[in-house]
1. Determine which single condition Ile60 fails, assuming it passes every other condition in (1) loosely packed, with under 15 Cβ neighbours inside 10 Å; (2) of a type in the set (A, V, I, L, M); (3) in contact with a strand residue (DSSP E or B) (Cβ under 7 Å, 6 or more places away or on another chain).
2. Out of all the residues in the range 292-315, which are within 9 Å of the ligand (Cβ to nearest atom) and not in a loop (DSSP other than H, G, I, E, B)?
3. Among the numbered criteria (1) closer than 30 Å to Pro403 by Cβ; (2) in a helix (DSSP H, G or I); (3) touching a helix residue (DSSP H, G or I) at 6+ places or on another chain (Cβ under 7 Å), which one does Ala228 miss?
4. When you go through Tyr146, Tyr179 one by one, which is the residue that is more than 25 Å from Glu103 (Cα to Cα) and either surrounded by fewer than 24 Cβ atoms within 10 Å (Cβ to Cβ) or under 17 Å from the mean Cα position of the chain (by Cα) (or both)?
5. Which numbered condition in (1) surrounded by 19 or more Cβ atoms within 10 Å (Cβ to Cβ); (2) free of Cβ contacts under 8 Å to residues at least 24 places away in the same chain; (3) part of a helix (DSSP H, G or I); (4) of a type outside the set (Ser, Thr, Tyr) is the only one that Pro170 fails?
6. Can you give me the number of residues within the range 247-283 that are more than 24 Å from Ile134 (Cα to Cα) and either in contact (Cβ under 8 Å) with a residue 24 or more places away in the chain or more than 16 Å from the ligand (Cβ to nearest atom) (or both)?
7. Output the number of residues of the range 144-158 satisfying the condition of being assigned to a helix (DSSP H, G or I) and touching a helix residue (DSSP H, G or I) at 6+ places or on another chain (Cβ under 8 Å).
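The values are calculated or read from the model by the stated rules, or taken from the named source; none is laboratory data. Note that the structure is a prediction, hence the values are computed from the model and not measured. Cβ sites come from the backbone with ideal geometry, for glycine too, and all protein chains shown count toward neighbours.
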Amino acid sequence: MTNRTAKISTGSGDLTYPLLEGSVGPDVIDIRKLYGESGMFTYDPGFTSTASCQSAITYIDGDEGILLHRGYPIDQLAEQSSFMEVAYLLLHGDLPKKNELEEFNYIISRHTMLHEQLATFYRGFRRDAHPMAIMCGVVGALSAFYHDSTDITDPQQRLIASHRLIAKMPTIAAMAYKYSIGQPFLYPDNSLSYTGNFLRMTFGVPAEPYEVNPIVEKAMDRIFILHADHEQNASTSTVRLAGSSGANPFACIAAGIACLWGPAHGGANEAALNMLREIGDVKRIKEYVARAKDKNDPFRLMGFGHRVYKNYDPRAKVMQQTAEEVLKELKLSDPVLDVARELEQIALSDEYFIEKKLYPNVDFYSGIILNAIGFPTEMFTALFALARTVGWVAQWNEMISDPEQKIGRPRQLYVGATQRDYVPAGKR
Ligand code: CMC
């Protein structure tokens with residue numbers, strides 16, 4: 001803590017507010033008393049300059065392209081860790097010791113099954129329902145099945161709800177996929193890893209044994225690590241806002257899934273691959289880059305640009321390397337990877353993208369890997385939701401335990417009609 005302050009000059013004089021200092025990153029002006037003292041609000045649509053909470057989970061330096069989870073760089077975690085280890089780290093603050101990791105794996109594996117009644121929910125959806133529509137519905141419905149983990153004032157119940165959400169997400173996502181292709185659901189197999197089990201429930205069939213491909217398992221696990229958390233992004237803030245009212249964790253995560261679905265957020269991985277396919281040939285890249293730069297054309301390069309990163313997204317680097325490795329090791333070639341590589345080069349040397357500091361983000365290359373593994377594009381955002389659930393529950397738990405936590409209630413700059421009298425319909 002520091003005794004430094006910041007002065008805000010208003011028409012009626014200067015007001016002084018404490019400057020808060022994090023362990024790293026920009027200082028923060030604590031304006032909590034501003035309205036009470038001045039009768040004024042601050043205006044910050046999109047929260048570009050507003051810290052909504054204190055957090056000790058994830059740190060991003062967007063200018064330098066740095067992403068740390070509990071202090072550990074994302075590339076080290078992606079290279080050396082596993083998704084389960086990262087999940088433990090995000091939830092508990094430190095990397096697990098060997099026995100702690102074994103216990104965590106065991107606990108998560110014991111929660112992978114869904115209440116049998118939940119399977120009937122799927123049958124209420126059309127077969128062509130988007131998996132994210134199913135995820136929103138089924139995850140929200142978990143609150144109706146697991147009443148013994150919805151008391152948010154009980155830390156033990158919060159932990160059980162967190163374990164349930166992390167454990168059941170692969171089952172829920174795999175069932176959404178199976179439903180869309182008309183194949184029977186597969187029950188989890190707890191002898192497999194978290195990621196291996198998910199691959200089996202997605203691509204296996206009850207009629208024959210499924211062998212998990214270790215290359216695919218490793219790539220998928222890495223994709224999960226790269227999506228596990230990302231500080232106060234739109235869906236995480238949505239989870240926190242929903243949770244700030246005391247809503248149960250399953251309802252909060254369903255809210256996060258709804259927010260993630262949008263193409264400016266998690267939906268960008270689906271949109272990015274669709275865009276690369278539409279471009280189809282390196283010869284057409286220039287045309288699309290010109291469209292992205294045209295102010296009169298709403299088209300944007302999907303998988304490019306980020307609110308926080310004004311440098312290369314460190315997740316995109318690992319993702320690109322993983323895409324190259326997976327295609328090579330699976331002996332696949334995909335012309336879309338050539339288009340992506342070339343598009344990246346052209347965009348990164350273009351004045352428009354340089355000036356606006358637009359770089360590839362996590363979604364630019366992920367679709368190519370997921371496509372190589374065999375997922376249809378509609379599943380991409382559901383996989384993002386599966387992995388991000390870990391971050392959401394860690395952030396939700398942190399919020400509930402924060403003594404400064406209050407219901408989220410932004411104010412507004414009102415620009416509508418001022419008070420006027422009601423006029424009966426015949427006299428308007
Ligand atoms: N292609 C072309 N121009 C772009 C792009 C893009 N992908 N992204 C931003 N710009 C331009 C934008 O037109 C604006 O120009 P100007 O200042 O002349 O009006 C400027 O760059 C700043 O853009 P912004 O929309 O004000 O920036 P933002 O911080 O509000 O938006 C973003 C960030 C990620 C929504 C945006 O870059 C975007 O729409 N990207 C494409 C979608 C995408 O890939 N989203 C995934 C984000 S990473 C994963 C996740 O968070 O889920």
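1. Just one mismatch for Ile60, condition (1).
2. Ala292, Lys293, Phe304, Arg315
3. (2)
4. On the way: Tyr146 fails: more than 25 Å from Glu103 (Cα to Cα).
After applying the criteria, what remains is Tyr179.
5. (2) is the only condition that Pro170 fails.
6. Initial filter on the range 247-283 (more than 24 Å from Ile134 (Cα to Cα)): 275-283.
Subset that is either in contact (Cβ under 8 Å) with a residue 24 or more places away in the chain or more than 16 Å from the ligand (Cβ to nearest atom) (or both): 275-277, 279-283.
The number of residues fulfilling the criteria is 8.
7. Of the residues in the range 144-158, the ones assigned to a helix (DSSP H, G or I) are 144, 147-149, 155-158.
Add one more test, that the residue is touching a helix residue (DSSP H, G or I) at 6+ places or on another chain (Cβ under 8 Å), and what stays is 148-149, 155, 157-158.
So the answer is 5.
Listed here are the residues, each with its yes/no results for (1) part of a loop (DSSP other than H, G, I, E, B); (2) under 11 Å from the mean Cα position of the chain (by Cα); (3) surrounded by fewer than 18 Cβ atoms within 10 Å (Cβ to Cβ); (4) at pLDDT 95 or above.
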| residue | (1), (2), (3), (4) |
| --- | --- |
| Ser191 | yes, no, yes, yes |
| Gly196 | no, no, no, yes |
| Arg200 | no, no, no, yes |
| Arg240 | no, no, no, yes |
| Phe250 | no, no, no, yes |
| Gly256 | no, yes, no, yes |
| Gly266 | yes, yes, no, no |
| Asn274 | no, no, yes, no |
